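Below is one structure, written out as structure tokens; the observations come after it.
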Amino acid sequence: MMPKIFAVLIIIAYVVLLYFIVFGKKRKEKKHLDAINAKLQIGTRICTISGICCTVAELSNNKEILVELSCAEGKHIRAKMLRGAIKEVID
């Protein structure tokens, strides 16, 4: 009788541990993205998850931002990106 209860408790412990690992990582990622979005202003230099470094040209209230890419000297390209595509703010 006792070994069955012990086996069930181990399974429950594994499920709880897996839950905290999976959802803890998502929670941490959401906090990071919220902190980045709080820092965003026009003129802020950012780096995207694809490695593109650019400057924020315009902000909107929804999920999109308008960024200005400086790809060549004297030439600027504007593109819309999702806020979730921002990896970090460059100081």
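Brief remarks follow.
- Leu17 of a type outside the set (D, E, K, R) and either exposed (fewer than 10 other Cβ atoms within 10 Å of the Cβ) or without any contact (Cβ under 8 Å) to a residue 12 or more places away in the chain (or both): yes
- Search result, residues across the stretch 20-39 that are of a type in the set (D, E, K, R) and free of Cβ contacts under 8 Å to residues at least 24 places away in the same chain: Lys25, Lys26, Arg27, Lys28, Glu29, Lys30, Lys31, Asp34
- Residues that are more than 14 Å from Gly84 (Cα to Cα), open to solvent by 80 Å² or more (accessible area, probe 1.4 Å) and touching a residue at least 24 places away in the same chain (Cβ under 8 Å) within the stretch 41-57 comprise just one, Arg45.
- Counted residues, the stretch 20-35 - those being open to solvent by 100 Å² or more (accessible area, probe 1.4 Å) and farther than 22 Å from Glu88 by Cα: 2
- In this entry, Ala38 is excluded by the filter for residues that are in contact with a Leu (Cβ under 6 Å, 6 or more places away or on another chain) and either surrounded by 10 or more Cβ atoms within 10 Å (Cβ to Cβ) or not acidic (Asp, Glu) (or both).
- Filter pass, Lys80 being in a helix (DSSP H, G or I), surrounded by 10 or more Cβ atoms within 10 Å (Cβ to Cβ) and not β-branched (Val, Ile, Thr): no
The values are calculated or read from the model by the stated rules, or taken from the named source; none is laboratory data. Model, not experiment: these values are computed from the prediction. Quick reminder, even Gly has a Cβ in these numbers, built from the backbone with ideal geometry, and neighbours come from all protein chains shown. Side chains are part of the model used for accessible areas, which takes the heavy atoms of the whole protein and leaves out ligands, DNA and RNA. Shrake-Rupley method; radii C 1.70, N 1.55, O 1.52, S 1.80 Å.
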